[in-house]
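Below is one structure, written out as structure tokens; the observations come after it.
What follows draws every value from the coordinates through simple rules; no lab data is involved. Model, not experiment: these values are computed from the prediction. We place every Cβ from the backbone using ideal geometry, glycine too, and count neighbours over all the protein chains shown.
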Amino acid sequence: MMDGWYGSGWGIGAWVAMAALMLIFWGGVVTVVVLLVRRPHGGDGAGAPLPPHHNAERILHERFARGGNRRTGVHCPAGGAQAPGMKAISRRGQLFLGIAATILLTALSLVAVGLFGGLVNPGVTGFPARNRCVAPDLPGPVISVSLTNMGGPMMGARNGGMGGAMRMTADRSTLAHGAVSFLAANAGTLSHELVILPLAADQIPGTRPIGADGQIDEADSLGEASNTCAEGTGQGILPGTTGWVTVTLPPGRYELVCNLPGHYAAGMYTQITVN
Ligand SMILES: [Cu+2]
């Protein structure tokens with residue numbers, strides 16, 4: 001359900017805006033080309049001297065006029081300005097060709113941007129079709145959790161000092177006890193995960209002691225989503241993809257964390273309350 005646009009670096013609005021800009025751009029290019037090609041064929045322009053860059057074309061036509069007619073059937077009018085074949089395309093035909101060329105160029109540009117973006121930053125900028133995560137129908141209420149980080153790949157490589165650089169946000173903070181599913185979408189540029197830890201009565205989220213390895217103790221984990229495009233435990237949720245997990249939670253407070261080295265310290269935690 002939450003595949004495709006969710007977690008993609010570009011929203012649908014950005015793609016629509018880019019498509020519109022490309023349409024305008026290519027429309028302009030095609031219009032200019034059509035005008036340049038058509039200009040010498042204007043009805044009363046036949047007598048006007050041709051600009052230097054048309055010399056080659058004129059020579060060609062003079063050659064056709066001298067010896068080409070009998071063999072090729074190509075005919076050039078006295079003005080010598082009409083290209084062979086061009087006269088066969090009507091004004092409406094030119095308009096149609098111009099529109100078709102504009103649409104084709106726009107489509108090719110969008111495909112190129114989508115493929116190029118996907119290659120440069122897999123799963124983040126590419127077309128939604130590249131994001132193959134389609135979560136099955138998950139049991140119970142489904143909490144959508146967003147995993148994000150700002151900045152480049154260096155961010156979070158070391159523990160500490162990056163407070164606020166990473167975020168974990170859930171689309172709700174309270175829910176009823178029982179079976180619940182967490183759907184974690186990685187909208188960042190690094191791998192992330194979602195681990196569910198119980199919070200003691202007086203425990204404040206974000207204050208767990210952090211070890212020398214940049215991680216917190218997750219021995220009492222109730223479940224985790226750290227599998228790319230799959231359920232449960234794995235090697236981390238890759239950028240632009242999702243992972244999910246279903247757990248049964250008794251009433252209480254819980255802390256959702258990302259326990260990849262340095263990420264908890266950088267701010268990847270949030271609290272939920274089960275009633
Ligand atoms: Cu993380």
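Take the conditions in a loop (DSSP other than H, G, I, E, B), away from the ligand (no atom under 14 Å from the Cβ) and among the hydrophobic types (A, V, I, L, M, F, W, C) and apply them to A265. Does it pass? No.
Scan (1) surrounded by fewer than 20 Cβ atoms within 10 Å (Cβ to Cβ); (2) within 26 Å of P136 (Cα to Cα); (3) among the aliphatic types (A, V, I, L, M) for the single condition I196 breaks and write down its number. Checking I196 against (1) surrounded by fewer than 20 Cβ atoms within 10 Å (Cβ to Cβ); (2) within 26 Å of P136 (Cα to Cα); (3) among the aliphatic types (A, V, I, L, M), the one that fails is (1). Looking at D171, D213, D220, D202, just one residue is within 16 Å of the ligand (Cβ to nearest atom), exposed (fewer than 15 other Cβ atoms within 10 Å of the Cβ) and not polar (S, T, N, Q), and that residue is D213. Set side by side, the residues T248, T273, T207 differ, and just one is assigned to a loop (DSSP other than H, G, I, E, B), surrounded by fewer than 20 Cβ atoms within 10 Å (Cβ to Cβ) and away from the ligand (no atom under 16 Å from the Cβ), which is T207. Residue check: G243 meets all listed conditions (1) within 18 Å of P141 (Cα to Cα); (2) within 27 Å of the chain's Cα centre (by Cα); (3) buried (at least 16 other Cβ atoms within 10 Å of the Cβ); (4) away from the ligand (no atom under 16 Å from the Cβ) but one, namely (4). Among the numbered criteria (1) within 12 Å of the ligand (Cβ to nearest atom); (2) buried (at least 21 other Cβ atoms within 10 Å of the Cβ), which one does L183 miss? Exception for L183: condition (1).
Considering each residue of region 187-197 in turn, none proves to be among the small types (G, A, S), more than 16 Å from the ligand (Cβ to nearest atom) and either in contact (Cβ under 8 Å) with a residue 40 or more places away in the chain or assigned to a loop (DSSP other than H, G, I, E, B) (or both).
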